[in-house]
Structure formats: structure tokens, C-alpha cells
Amino acid sequence: MASVFAGLAPDAYSPHALHDSERMWPETNCYIDLWIEVLNSLRLPPEAMLGFTMGQDFEGDQFTFFKVSLDDLEALYGIRCTELAIYDRIERHVAEQIRRGRLCLIEMDSYFMPDTQGVGYRREHGKTTVAINRLDMEKRELDYFHNGGFFHLSGEDFDGLFQLHLTAEDLPFLPYTEFAKFPDASPSEDDIRQTARRLLPFHFARRPAANPIRAFAAVFPGQVEAVAERPFGFFHKYAFNTLRQLGANFELAGTHLDWLSREFGDAAEQARRISEVAKSVQFQLARAVTRKKFDPLQTALDPAADAWDAIMGLLEKRV
């Protein structure tokens, strides 16, 4: 059975160091985590793509769900990724692209994904992105990249993932799908590093005009008070889209700056400070929701806001 990366086995797969359990945020969001592991499988440095972290903003009800741009993937690694039109059964499209050595990235339902055991698997329907490396229609099984690893599913999970129960009278299953075309030869790490350094001023120029953490801090206690009135499961959704996206983004920013050059070491430390504060405040958030005491949240984010100002000041001198 054809696969994009031959010889890759879920039970012997070693995730990239960016997903090490010792990191503050071992997983970030499904799209970036997936690309980290795809690049890992290509033996390319995922640290190079993380310049987008400079542009994260507070969007009023959430922090930017950060993603690497498709232009950056091509500039850095020669990978061309674009939307795949879905007009037939999705699994037929996927099989055709795998046969051509192309990787399909598909928005699917985590309810049918066993790697989300204890979170979404058979408990809650949720949108997430996977990349399918191997697909076997006869055996009803596939191997896929998702979050911080590489996994296998089969049987009823396979049927559910591809909505094989649908009849001709049902609405069709048409998920958003991208597919990646890989170059015949990858660029060297030196070339990748030079390109990443060239892209940094572009991403830095896209930074928010005002401190996004201060904007979040101004509404944070009120938002948490409203979250406390919702069922407790809503807390996890709120925390994921606010503090986790903030903390994970800036932990990756610190990694990117360290990887680029030692000259950015002080800015990288400030980025990690934001990540640490976000992690700490997430615990405070849980306590506030449980106890319904919100006053301690008024100043909880101040150290992170100060660190954001420090990063931008340091980089403005060097970028």
C-alpha cells in the first residue's frame, strides 16, 4: 500500500523535540503541530518556520490561531501547499494524491480519532486537521499526523472519519482539504536559515500596533466571570483559545529566535517569560472559575505584557 513517507510506522515514531513533554506547551494547535512533525519526517528544521509568531494579536474573544503561511513553506522548504478541490468521495482524492507522493491535510472530526483519548475521542465532536500518510480502503485503516505525533486508526473509526454511513440522500461530506507537493531536493539548512532571517523583518513589521496582552488583560476578568457561569467543559475551550494560544505562540517565538541567532537571546528569554506567565495564569483561571473569585486576575498578566513590550523594543533595534 502506497504512502507518502515510506517506512514510517506509528508504533516506532519519535516526535520532534518541539513536542518534548518537558516544554511548557508540548502541543500548540493542530495545524502547527502537524507541520512540525511533517517537517521532522522530511529531516527539515521546523524551527525555521516560526517567524509568524511575531504577528499574534488579541482578537477580542481569542488570541490569533497562529499558522505558518503557505508562502513561507514554499520560500523556506520548497513545499507547495494549496487547496485540493473535493468533488468525489474524500478518500478517493486522498488515495490519488498519496499515489503521487503528495500529503493531504484535511479538517476532520476528532470524535473518531483514538489519539484524542480522554479529550475528544468518542466524547465530543471537534474540528481538527490531520495529514494522511497511508490509506488502505480494503482494510479500512490509515496512518496520520495529528497534534504532536503520528498515529494509526481503523475499523469503525475509519468509517466515522470518512462518514461512510452517508447515503445518496444525505448532504455530502466535503471537508476543507489542502495538499502538499514536495520538491525533488530540499534546500540545505544554511539556505533555510538565511531565508528565515530574511523573513523575520516581514513578520516583525506585521506585529500588532498596540500591546495585545494589555488588550486581553483589560477584558480578561470579565470574560472569566462569564465563563464561570457556563458548564465547566467550556472552561477548556476558553483556555485553549486564549492562554494556551498566547503561551504556546511565544514559547515557539523564543525557540525561533534562539535558532536564528544568539544575538536574539535576550528577546527569546522575554518570549519564554510570556509563555511561563500564560501557563501560570491558566492555573489561576481554573481556580477563579471554581471559586468565583476574579479580583486576582486584574494584574495577573502584567508581567507578560511587560515582556511583550521588551521583546518588541529589543527586536526593533536589530530587525
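Against the condition outside any loop (DSSP other than H, G, I, E, B), under 19 Å from Phe182 (Cα atoms) and not acidic (Asp, Glu), how does Met49 come out, does it pass? Against the criterion (outside any loop (DSSP other than H, G, I, E, B), under 19 Å from Phe182 (Cα atoms) and not acidic (Asp, Glu)), Met49 qualifies. Sort out which residues of the stretch 133-146 are among the aliphatic types (A, V, I, L, M) and in contact (Cβ under 8 Å) with a residue 40 or more places away in the chain, and write them in order of number. Leu135, Met137 - these are the residues of the stretch 133-146 that are among the aliphatic types (A, V, I, L, M) and in contact (Cβ under 8 Å) with a residue 40 or more places away in the chain. How many of the residues making up the stretch 210-232 are surrounded by 12 or more Cβ atoms within 10 Å (Cβ to Cβ), part of a loop (DSSP other than H, G, I, E, B) and in contact (Cβ under 8 Å) with a residue 40 or more places away in the chain? Qualifying residue count, the stretch 210-232: 2. Across the stretch 67-80, the number of residues qualifying as outside any helix (DSSP H, G or I) and crowded, with 21+ Cβ neighbours inside 10 Å comes to 2.
Residue by residue through the stretch 273-291, note down the ones that are under 14 Å from Arg23 (Cβ atoms) and without any contact (Cβ under 8 Å) to a residue 60 or more places away in the chain. Answer for the stretch 273-291, where residues must be under 14 Å from Arg23 (Cβ atoms) and without any contact (Cβ under 8 Å) to a residue 60 or more places away in the chain: just Ala278. In the stretch 38-59, the residues that are closer than 19 Å to Cys104 by Cα form Cβ pairs under 8 Å with partners that are of a type in the set (Ser, Thr, Tyr) and part of a helix (DSSP H, G or I), at six or more places apart or across chains, as follows: Leu39/Tyr77; Leu42/Tyr77; Leu44/Tyr77.
Where a number appears in this text, it was derived from the coordinates with a stated rule and is not lab data. This structure is a prediction, so every number in the text was calculated from the model and none was measured. Cβ atoms come from the backbone with ideal geometry, glycine included; neighbour counts cover every protein chain shown.
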